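S.K.: The structure under discussion is supplied below as structure tokens; questions concerning it will follow.
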Amino acid sequence: MTTASLETSLLVFAVSLLVGGLAIHLGAKLALKSRSYSHAVVTALFGALAWTLVEILFARIGIGGVLSSFVALLVWVWVVRRRYSVGWIRASIIGIGAWLGAVVVLFVLALVGLGDLEALGVPGV
């Protein structure tokens, strides 16, 4: 891997993590008195790691598709639930708010020419 591609990969990772953190922060503001933005970024990182581990585990045992994505989503909501000390309903509301926030942020970024980013830590975005 060249230095330029490594730098680009790190930049995309950092920006997508910050967008994911912002989305979770917006979702948390919707559902409750939010914690700090940095708390949301760490939650996005933990959620992304949990999602990835579930996907890898299911791929190794030969189960993929909708079932693995659904289980990964449940694990992601569980991470949000644990990090924000809320129940399943509020964690789900945070998740829906995070998804909507990520869509809006990514749409704005696409308008300024940065449309190939994802929101790391927010499922489906």
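S.K.: Checking the condition modelled with pLDDT of 85 or more and either of a type outside the set (Asp, Glu) or touching a Gly at 6+ places or on another chain (Cβ under 6 Å) (or both), which residue from Val75, Val15, Val19 passes?
M.R.: One residue alone meets the criteria, Val75.
S.K.: Here's a check for you: in the stretch 9-48, which residue that is hydroxyl-bearing (Ser, Thr, Tyr) and not in a helix (DSSP H, G or I) is surrounded by the most Cβ atoms within 10 Å (Cβ to Cβ)? Steps first, answer last, please.
M.R.: To start, the set of residues in the stretch 9-48 that are hydroxyl-bearing (Ser, Thr, Tyr) comprises 9, 16, 34, 36-38, 43.
Narrowing further to those that are not in a helix (DSSP H, G or I): 34, 36.
Details: Ser34: 17, Ser36: 10.
Filtering first and then ranking leaves Ser34.
S.K.: Return yes or no: is Thr52 more than 24 Å from Leu30 (Cβ to Cβ) and not charged (D, E, K, R)?
M.R.: yes
S.K.: State whether the residues of the stretch 49-64 include one that is at pLDDT below 85 and surrounded by 21 or more Cβ atoms within 10 Å (Cβ to Cβ).
M.R.: Yes; the residues of the stretch 49-64 include at least one that is at pLDDT below 85 and surrounded by 21 or more Cβ atoms within 10 Å (Cβ to Cβ).
S.K.: Which of the residues belonging to the stretch 78-105 are in a helix (DSSP H, G or I) and either at pLDDT below 75 or more than 16 Å from Leu26 (Cβ to Cβ) (or both)? Reasoning before the result, please.
M.R.: Applying the first criterion (in a helix (DSSP H, G or I)) to the stretch 78-105 yields 78-84, 88-105.
Those that are in a helix (DSSP H, G or I) and either at pLDDT below 75 or more than 16 Å from Leu26 (Cβ to Cβ) (or both): Trp78, Val79, Arg81, Arg82, Trp88, Ile89.
S.K.: Taking Val41 and the conditions (1) over 25 Å from Gly113 (Cα atoms); (2) modelled with pLDDT of 85 or more; (3) not acidic (Asp, Glu), which numbered condition does it fall short on, given that it satisfies the others?
M.R.: Every listed condition holds for Val41 apart from (1).
S.K.: I would also like to ask the following. Taking Ala110 as the residue in question, decide whether it is part of a helix (DSSP H, G or I), modelled with pLDDT under 80 and over 14 Å from the mean Cα position of the chain (by Cα).
M.R.: It is true that Ala110 is part of a helix (DSSP H, G or I), modelled with pLDDT under 80 and over 14 Å from the mean Cα position of the chain (by Cα).
The values are calculated or read from the model by the stated rules, or taken from the named source; none is laboratory data. Remember, it's a predicted structure, so these values are computed and weren't measured experimentally. Quick reminder, even Gly has a Cβ in these numbers, built from the backbone with ideal geometry, and neighbours come from all protein chains shown.
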